[in-house]
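Reviewing the structure listed below.
The values are calculated or read from the model by the stated rules, or taken from the named source; none is laboratory data. Note that the structure is predicted; figures quoted are calculated from it, not measured. Positions of Cβ are backbone-derived with ideal geometry, glycine not excepted, and every protein chain shown enters the neighbour counts. Accessible surface is based on the protein model in full, side chains and every heavy atom, while ligands, DNA and RNA are left aside. Shrake-Rupley method; radii C 1.70, N 1.55, O 1.52, S 1.80 Å.
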2 protein chains.
Amino acid sequence: MSDAIFPARVIICEVAPRDGFQSEDQWIPTEQKIKIIRALANTGVQSIEVTSFVHPKAIPQLKDAEEVVKGIEDLTHIKFRALVPNVKGAQRAIAAGIKKLKLMLSATDSHSLSNANCLVEEAQRGFEPIVDLAQKHNVEVGGSISVAFGCPYEGKVPLEKIVTIVDRYKKMGITEVSLADTTGMANPKQVYQYLGVLKKEFPHMTFSMHFHNTRGMALANVVAALQQGVIHFDSSVAGLGGCPYAPGATGNIATEDLVHSLEEMGIETGIHLDRIIDVAKDVRNMLGHDGGSYMLQAGPCSKLSPKPTAQEKLEK
Amino acid sequence: MSDAIFPARVIICEVAPRDGFQSEDQWIPTEQKIKIIRALANTGVQSIEVTSFVHPKAIPQLKDAEEVVKGIEDLTHIKFRALVPNVKGAQRAIAAGIKKLKLMLSATDSHSLSNANCLVEEAQRGFEPIVDLAQKHNVEVGGSISVAFGCPYEGKVPLEKIVTIVDRYKKMGITEVSLADTTGMANPKQVYQYLGVLKKEFPHMTFSMHFHNTRGMALANVVAALQQGVIHFDSSVAGLGGCPYAPGATGNIATEDLVHSLEEMGIETGIHLDRIIDVAKDVRNMLGHDGGSYMLQAGPCSKLSPKPTAQEKLEK
């Protein structure tokens, strides 16, 4: 932190409608999903990951991807992105009007087999026609790497693996890669070290960070990334999320907690804290639970208690 | 973090027996307290804050201070410290055989009135005879400052207030001051900035940090303090703790979470992670709850899952 000048502003992408909703056991009705996304769009957030165009048998919770997108198409001030696992998904997303696709692969073969039933190399080959298709339709594509710091099957992921995967993304013409700590195994020292090398090796690549708070390290990891000049972060309202294939995974860092901490540090997010806390409450009411949210428990620092007076105390 | 060389080793003081137990509504039987302290003493921790010699009417949960100390007096490898609010408490602690006393005052008059029914200045005057008494008995004394970063009644605490209070401690001959974020209002940028000034103003003072995780910022604050070269931290097994007078306060950073994160960063604590997690489980079983512990929920990063095989997945 010593010589770091923290960025004045960061850009948050809200991922609860995809990473959160897909992890719920219960079916969330389409109109509820649309209602939450519309409420999120009113908080000041600039970017929302709205769904995944995945096979309905793989993730039935998101089988209504087209209808969800239809229900929010008038919200032109928000950048909507959607996850696409294959060409079919990309075709569906583009047909639905999505302007930004997100690719996802795992850093390790073990996690890739568990999550996508293929090896990392196979996943990468599958991305090439998606990128071609997107270019043809003038649609943006971002890459992502799950379990980028630690894998629940293989442990710590060596930096060289990440360098190799980012390089492959770069060769496909991709200029933005999200590094996901899918099961909360990253630590701040590692995040700082990995990003230091990655930013040097890939000076024109935009890195965004996706931290789960499984072991309580998410915010410390955000601060480490800030110290490396990263300004793009994913977070999830009410701390929803997790990976259905990653044992022990709990929620993403909660958007309201991230906004609160950044605001306390004097870093702008553009998101109104009171509004995002209200959405978090709605989400908790809707689902009957949250995914770990300090704001829902304690509220912001700025909410002070009435001062006691000496008189009051002396009368006790 | 850029030019910071993290310390190789930090020293943790376990505070659950004081800060945790005093916050419980239920009465914890003396023999249970002794059992937990004895289990803690077996984890590799070097220092434990065992109780507070406070008036039994003020904090009835700790009215058994003498009996607790009696029950652990054979554990000579551990440095036991106790909180003393006044001369009477100091006399009791010294008579019980405690070799390190901790003084506590608040950074703000509002919190001081609420917590100790006196102004900060009155609290400071009250410390002088305690320091004299301790010197006479060759007993160590450390100072502490509650709500050192933010006060639930007054908001952000100006750094100048802390400088003035530390200076007063220094003039009393005290060489160690604990900065307590009693209600979880500190942020990493503030911690880094405050410590930067304090370490420059008081180069011979040892600062220790006591962070509550009320708003999820405790670990990020620890990392910020590490980056300023601080190596003394308080934490509480199972995340117990809080201040009975501080509205909204939840637990201290959990010892098992702190040990886990530091270990992941390659920083030694001397505490066996598996043993401290076992004590946290015992504490949770004893009390019927914890105070927020990621290790109790998700377990350590090192606990990997069995690898899936391609074959298994293909047979699905």
Exercise. Place the label 7 angstrom along Cα→C-beta at B:Gln32 and in each other copy, then list the distances from the first to the rest in nm, shortest first.
Key: 3.8
Self-check item: Max mean-square fluctuation residue, GNM over chain B, Cα-Cα springs under 10 Å, options B:Gly126, B:Gly89, B:Gly292
Solution: B:Gly126
Quiz item: GNM on chain A, C-alpha springs below 10 Å: top fluctuator among A:Gln135, A:Gln297, A:Gln32?
Solution: A:Gln297
Quiz prompt | Value of relative contact order over the range A:11-315, rounded to a whole percent, pairs C-alpha under 8 Å and six or more apart | solution = 17 percent
Quiz prompt | Cβ-vector label at 7 Å, B:Leu304, separations to other copies in nm | solution = 5.2
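With 29 Å as the limit, write out which pairs from A:Lys170/A:Lys281; B:Lys99/B:Lys303; A:Lys88/A:Lys171 have Cα-Cα distances beyond it, or answer none.
Over 29 Å Cα-Cα: A:Lys170/A:Lys281; B:Lys99/B:Lys303.
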Self-check item: Residue-normalised accessible area of chain A, given per residue in Å² at a 1.4 Å probe
Solution: 39 Å²
Exercise. Quick one: accessible surface of A:Arg92, probe radius 1.4 Å, all protein chains present, in square angstrom to the nearest 10.
Key: 40 Å²
Quiz item: Can you give the helix-only mean residue ellipticity at 222 nm for chain A, where every DSSP H stretch with n ≥ 4 adds -39500 (n - 2.57) and the sum goes over all residues, rounded to the nearest 500 deg cm²/dmol?
Solution: -12000 deg cm²/dmol
Quiz item: Given +1 on the Cβ of Lys and Arg, -1 on the Cβ of Asp and Glu, and no further charges, what dipole in debye does the range B:11-315 carry about its Cα centre, rounded to the nearest 20?
Solution: 480 debye
Exercise. Express the carbon and sulfur contribution to the solvent-accessible surface of the range A:186-306 as a percent, rounded to the nearest whole number, probe 1.4 angstrom.
Key: 47 percent
Quiz prompt | Exercise: per-residue mean of other protein chain Cβ atoms within 10 Å, B:262-269 | solution = 3
Quiz item: What residue of chain B sits with its beta carbon nearest the rotation axis taking B to A, and at what distance in whole Å?
Solution: B:Ala220, 2
Exercise. List the distances, in nm and shortest first, from the label point of B:Lys136 to the matching label points in every other copy, placing each point 7 Å from Cα along the Cα-to-Cβ direction.
Key: 9.2
Practice problem: Mind checking A:111-117 for the average number of partner chain beta-carbons within 10 Å of each residue's beta-carbon? | Solution: 4
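What average number of partner chain Cβ atoms lie no more than 10 Å from the Cβ of the residues making up B:210-219? Show your work: numbers first, answer last.
Details: counts 0, 0, 1, 3, 5, 12, 18, 10, 3, 10.
Rounded to a whole number, the mean comes out at 6.
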Quiz prompt | Estimated FRET transfer efficiency (B:Ile5, A:Lys200; beta-carbon r; R0 25 Å; 0.05) | solution = 0.80
Quiz item: Ranked from the most accessible area to the least, with a 1.4 Å probe and all protein chains present, what is the order of A:His55, B:His210?
Solution: A:His55, B:His210
Quiz item: Distance in nm between label sites at B:Lys170 and B:Asp25, each 7 Å beyond Cα in the beta-carbon direction?
Solution: 4.5 nm
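Rounded to the nearest 0.05, what FRET efficiency do A:Glu140 and A:Lys63 have when you use their Cβ-Cβ distance and R0 = 41 Å?
Working: r = 25 Å, r/R0 = 0.60.
Between A:Glu140 and A:Lys63 the formula returns 0.95.
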Exercise. Straight distance only, please: which aspartates and glutamates reach the Cα of A:Lys156 with their own Cα at less than 17 Å, same-chain residues fewer than 8 apart left out?
Key: A:Asp109, A:Asp181, B:Glu263, B:Glu264
